[in-house]
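One structure below.
The values are calculated or read from the model by the stated rules, or taken from the named source; none is laboratory data. This structure is a prediction, so every number in the text was calculated from the model and none was measured. Virtual Cβ from ideal backbone geometry, glycine too; neighbours counted across all protein chains shown. With ligands, DNA and RNA removed, areas are computed over all heavy atoms of the protein, side chains included. Shrake-Rupley method; radii C 1.70, N 1.55, O 1.52, S 1.80 Å.
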Amino acid sequence: MKRRRVLFVDHAAVLGGAELSLLDLATAYRDTSEVLLFADGPFRERLEAAQVKVKVIPAPQSILAVKTSGGLSAVKALPALWWMARQIAAAGREFDLVHANSQKAFIAAAIATLMGGRPVVWHLRDIVTAQHFSSVNRAIAVFLANHRVSQVLVNSRATGEAFIAAGGRKDLVTLVYNGIGSDPFDNLASDQSAQIRDQLGIGDAPLVGVFSRLSYWKGQHILLEALQELPNVHALLVGKALFGEAEYASRLEAMAAAPELAGRVHMLGFRNDVPALMSAGNIVVHTSTEPEPFGRVIVEGQLAKRPVVAAAAGGAVELIQDGVTGHLVPPGDSVALAKVIGNLLSDPIAADRLAERGYIHAKDTFSLESLLTAFDQALNKV
Ligand code: UDP
Ligand code: GLC
């Protein structure tokens, strides 16, 4: 099948979940398509390693500094946004459509349609509620979506519902769940987990891992609080602060150094070997304190054949059936989390059964193939 010619646009060059999801799409589309980034960084390297053509047009600092939760201060970025829109309109000429993978990319791409730019598909990967978006920014985003884009692809039903609740047009919305390739999970060398445990120096102590960028709403502190009630259990924190949240990282380090936890918390920073690290642990937890739009790490934990415990909000409840393919606990509730972890560790047979069902579910429902089928279909309608 000949794929559409797509200019994928993303403002970020770090490796967040939105970028890792785009990596799979752009790789599948590399014969006809290209990626435009507003900054240079590790994402460009990963795309190029996958033989995807990348163009970096550095955005003026004023655009990169805008916070979605900020108010009218974004007005300062308007001239730069206009300039960026012009670049997208020009770069898009050789393509059938523009795919905007991030908020900032979407705003610039939507403005570009006023300059003769190609039709825009907005891949919405955030829950647009007051928790993350100021009312001004929400209103602007919804207005531009309703009037300037051809489709809004959403990564979960929760993401779509929040967009519609904010005033977004229902007829624009198409659900495209993320898909995760299972090969890196299925093809791990048999000694990899043991090597990681050796490096951690933890013998066969129980190990619970969280695999998200360090950010307050990702809630790593909830796992550390839970750990206080779980003597002998170790925690693995994989990920770093990607979007200027270094203060939260320091707070976690301080918590980890407290006498009750000292020696039991292993903070590894950003890693490229998540499948092996998940397999080295007994349980994968997801601790977001606010609704997670999708949560790749949940599906990855299932693919790693580990029991997954996730915070019951947003897209997470679409990925896990409680007690069947994983466990759900109320967001921010460290006591409930500690209890579920304790139960899983004390009943390894039940934990294995849960993990096995999670694996089958993830493989059936969130495969790369089903992602691409849904994505191709959506783009063919534009
Ligand atoms: N991840 C990674 N290295 C790390 C931490 C996380 O590669 O050190 C990956 C993780 O495996 C997942 C993604 O980053 O694929 C995070 O995506 P998710 O959808 O869970 O959250 P987001 O960061 O997009 O909000
Ligand atoms: C965003 C969301 C995350 C989702 C990812 C990929 O970064 O925060 O929940 O999994 O996009 O769609």
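Might you check whether a residue that is within 16 Å of ligand 1 (Cβ to nearest atom), under 30 Å from GLU290 (Cβ atoms) and without any contact (Cβ under 8 Å) to a residue 60 or more places away in the chain occurs anywhere in the stretch 82-95? No, the conditions are met nowhere in the stretch 82-95. Every residue in the stretch 346-360 that is open to solvent by less than 50 Å² (accessible area, probe 1.4 Å) and either touching a residue at least 40 places away in the same chain (Cβ under 8 Å) or outside any helix (DSSP H, G or I) (or both), please. Correct list: ALA351, LEU354, ALA355, GLY358, TYR359.
Screening ALA28 against (1) closer than 28 Å to LEU214 by Cα; (2) surrounded by fewer than 20 Cβ atoms within 10 Å (Cβ to Cβ); (3) within 16 Å of ligand 2 (Cβ to nearest atom) leaves a single unmet condition, (1). When VAL35 is tested against (1) among the β-branched types (Val, Ile, Thr); (2) open to solvent by less than 30 Å² (accessible area, probe 1.4 Å); (3) at pLDDT below 95, only condition (3) is not met.
When the stretch 272-322 is limited to residues that are away from ligand 1 (no atom under 13 Å from the Cβ) and without any contact (Cβ under 8 Å) to a residue 24 or more places away in the chain, the one that is least open to solvent (accessible area, probe 1.4 Å) turns out to be ALA312. Within the stretch 273-284, the set of residues being in a strand (DSSP E or B) and either hydroxyl-bearing (Ser, Thr, Tyr) or out of contact with any Leu (no Cβ under 6 Å at 6 or more places or on another chain) (or both) comprises VAL284 only. Looking only at residues of the stretch 61-73 that are modelled with pLDDT of 70 or more and assigned to a helix (DSSP H, G or I), we find that the one that is surrounded by the most Cβ atoms within 10 Å (Cβ to Cβ) is ILE63.
Restricting to the stretch 107-137, name every residue that is in contact with a Leu (Cβ under 8 Å, 6 or more places away or on another chain) and either away from ligand 2 (no atom under 15 Å from the Cβ) or open to solvent by 10 Å² or more (accessible area, probe 1.4 Å) (or both). Step through it out loud before you land on a result.
We begin by selecting, within the stretch 107-137, every residue in contact with a Leu (Cβ under 8 Å, 6 or more places away or on another chain); these are 107-108, 110-111, 118-124, 136.
Residues satisfying the conditions are ILE107, ALA108, ALA110, ILE111, ARG118, PRO119, VAL120, VAL136.
Results for (1) farther than 17 Å from GLY301 by Cα; (2) at pLDDT below 95; (3) within 18 Å of the chain's Cα centre (by Cα), shown as yes or no for each residue.
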position: LEU172; (1), (2), (3): yes, no, no
position: GLY181; (1), (2), (3): no, no, yes
position: ASN187; (1), (2), (3): no, no, no
position: HIS221; (1), (2), (3): yes, no, no
position: ALA241; (1), (2), (3): yes, yes, yes
position: GLY244; (1), (2), (3): yes, yes, yes
position: ALA254; (1), (2), (3): yes, no, no
position: ALA262; (1), (2), (3): yes, yes, no
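Of all residues in the stretch 188-246 being closer than 30 Å to PRO293 by Cα, among the aliphatic types (A, V, I, L, M) and in a loop (DSSP other than H, G, I, E, B), which is farthest from ligand 1 (Cβ to nearest atom)? Among residues in the stretch 188-246 that are closer than 30 Å to PRO293 by Cα, among the aliphatic types (A, V, I, L, M) and in a loop (DSSP other than H, G, I, E, B), the one farthest from ligand 1 (Cβ to nearest atom) is LEU230. Residues that are closer than 28 Å to THR27 by Cα and open to solvent by 10 Å² or more (accessible area, probe 1.4 Å) within the stretch 138-171 comprise ARG148, VAL149, SER150, GLN151, ARG157, ALA158, listed in sequence order. If the condition is being within 11 Å of ligand 2 (Cβ to nearest atom), in contact with a strand residue (DSSP E or B) (Cβ under 6 Å, 6 or more places away or on another chain) and not in a loop (DSSP other than H, G, I, E, B), then the stretch 285-309 contributes GLU292, ILE298.
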